[in-house]
Amino acid sequence: MLTTNKFSMKKKLKLAFCLFKYFPFGGLQVNFINIAKECMARGHKIVAYTISWEGEKPEGLDIRILPVSGMTNHARYKSFTKLVHRHTQGKRYDALVGFNKMPGLDVCYIADVSYAAKMKGRSKFHRYTGRYRTLMQMEWAVFDKKSRTEILLLTEKEKNFYMNYYETADKRFHLMPPGISRKCLPPPDADKIRMEKRKELLIGQGQTIVLMVCTNFKIKGVARAIRALSALPSEISQKTVLLIAGKDNSRYYRRLAKQTNVLKQVRFIGARSDVPQLLMASDFLIHPASIENTGTVIVEALAANVPVITTDICGYSFHVTRADGGLVIGSPFNQKELDRALLFMLTSNRRNKWRANCKNYIEQTDVFSRAQKASDIIEKATYNLLFIDLPHRSG
């Protein structure tokens, strides 16, 4: 277990934060910013190294864009790793904190599914590709039982896999709460916000909004949601709007909606900064992902008292089950099961009960303090390194 030393809460730290790419609205990127801001609020100096940066630059954050080489993503990531160590060497950083897997990290924030787990069902030929070798080496560097990297992890399910596959010591893992914004909690004027947002979206009060929030339409299940909408009885589907907020190419999904006769009921509204207000305007959230390490929007919906339909592949689906705040579709995925679940949710008299259950669950569960707890672990890990003065980086 991490222990703090006698000067732990006195020294202000200089930390190098590493992230492959920053762009607005990505879940990893949001948490990167929140943790960086929390560390800066505690008086620490944060220098962010990245391949690219889109969007606003937070005040006080020193951002360094590294000129990577390589034609493929994995080649660029490998180049980035080498450049990070070259640029941080001799700069007297107290710790190197990564938000992607790479060698030489003191702390690593893990937001994605294990690459080894994703490759288990693939052809053995994948093992001979440069991509496989590079990404596996990066993952091994973090989780190898000989590594000293402290690991910030989001779900118990992922922890169990890493411990079994890499023999990683249990004491190196630190499970984080979901870390959603308190803006998702309904304010006293939530009903007014709901009406105004629905008016802005040109959605009548007699219509039901089923919301999706995602940045990768394929793996988050947009096609699944459209098919479930098309399977509804016409008198129900005509009163239902599938509202899809997120940045991705919608061409295929518009064509699918047209082919299944629900194009008028499917609305693509692009990337949004008003997700809390969209949740308040919505009646349900649907998140039928095929790959999803967490699914933060699931917890955001529960906080907004919005019942959820999701798949058990999502790391945060257990919150829906514990809250009794909606329905969870089991694996292996079956489209007809999702179709039935959507119909049941839209016609059930349990809507108010689900909403009340969501409210009670959020009041009793810590879903907000990820940035604070992550910053606590980063501080403790760094102070321990300073205290024991080990040559802890392999480079």
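Students often get this wrong, so try it: which of (1) 39, 23, 20; (2) 32, 24, 23; (3) 33, 26, 20 is semi-axes √(5λ) of the Cα gyration tensor in Å as calculated from the structure shown?
Evaluating semi-axes √(5λ) of the Cα gyration tensor in Å on these atoms matches (1).
Please report the net charge: other residues with Cβ closer than 9 Å to the Cβ of residue 311, K and R +1, D and E -1. Working shown, then result.
Working: positive: 224; negative: 292, 312.
Once positives and negatives cancel, what remains is -1.
Hey, if you put +1 on the Cβ of every Lys and Arg and -1 on every Asp and Glu Cβ in the range 345-385, which of 367, 352, 383 ends up farthest toward the positive end of that dipole?
352
Based solely on its DSSP helices, what 222 nm [θ] is calculated for the chain when runs of n ≥ 4 H residues each add -39,500 (n - 2.57) and the sum is averaged over all residues, nearest 500 deg cm²/dmol?
On the way: 16 runs with 166 residues, N = 395.
Rounded to the nearest 500, it is -12500 deg cm²/dmol.
With each label point set 7 Å from Cα along the Cα-Cβ vector, what nm distance links residue 366 and residue 191?
For the pair residue 366/residue 191, the computed spacing is 3.5 nm.
Using Cα-Cα distances under 8 Å and only pairs 6 or more residues apart, what relative contact order does the chain have, in percent? List each step's numbers first, then the result.
Values: 696 pairs, mean separation 66.1, N = 395.
The normalised contact order for the chain reaches 17 percent.
Between the DSSP loop rule and a limit of at most 14 other Cβ atoms within 10 Å, which GluC sites (Glu not before Pro) in the range 36-77 are left? Could you put the intermediate results ahead of the total?
Values: sites: 38, 54, 56, 59; in loops: 54, 56, 59.
Qualifying residues, ordered by number: 54, 56, 59.
Treating each Cα of the range 182-364 as an identical point scatterer and ignoring solvent, apply the Debye formula and state log10 I(q)/I(0) at q = 0.13, 0.19, 0.20 Å⁻¹.
Log-scaled intensity ratios, in q order: -0.59, -1.40, -1.58.
Whats the longest run of the chain with zero trypsin sites (Lys or Arg not before Pro) that are DSSP loop and have at most 11 other Cβ atoms within 10 Å? Don't jump to the answer; show the numbers that get you there.
Values: sites that count: 6, 10, 12, 91, 92, 120, 122, 145, 146.
Maximal segment without exposed cleavage sites: 147-395.
Once you put a point 7 Å from the Cα of residue 252 and another 7 Å from the Cα of residue 171, both along the Cβ direction, what distance in nm separates them?
Here the answer is 4.7 nm between the modelled labels.
Taking the range 111-172, which GluC sites (Glu not before Pro) meet the DSSP loop condition and have no more than 12 other C-beta atoms within 10 Å? Could the numbers behind the result be given before it?
Values: sites: 139, 150, 156, 158, 167; in loops: 167.
In loop regions of the range 111-172 (DSSP not H, G, I, E or B), the sparsely surrounded GluC sites (Glu not before Pro) are 167.
Please report Rg (one decimal) and Dmax (integer) in Å for the Cα set of the range 271-395.
Cα-based Rg and Dmax for the range 271-395 come out at 18.9, 63 Å.
What is the sum of charges, Lys and Arg at +1 and Asp and Glu at -1, for the other residues whose Cβ falls under 12 Å from the Cβ of residue 297?
Details: positive: 220, 272; negative: 292, 300.
Charge balance near residue 297 sits at 0.
Distance cut-off 23 Å, Cα to Cα: go down the list 159/380; 157/247; 12/157; 21/45; 264/359; 120/220 and report the pairs above it. List each step's numbers first, then the result.
Working: 159/380 21 Å; 157/247 28 Å; 12/157 35 Å; 21/45 20 Å; 264/359 33 Å; 120/220 21 Å.
The pairs that break the limit, which is 23 Å between Cα atoms, are 157/247; 12/157; 264/359.
Taken together, the values in this text are just the output of simple stated rules run on the coordinates, not laboratory data. Treat the numbers as computed from the prediction; the structure is a model and nothing was measured. Positions of Cβ are generated from backbone atoms using ideal geometry, with glycine treated the same way; all protein chains shown enter the neighbour counts.
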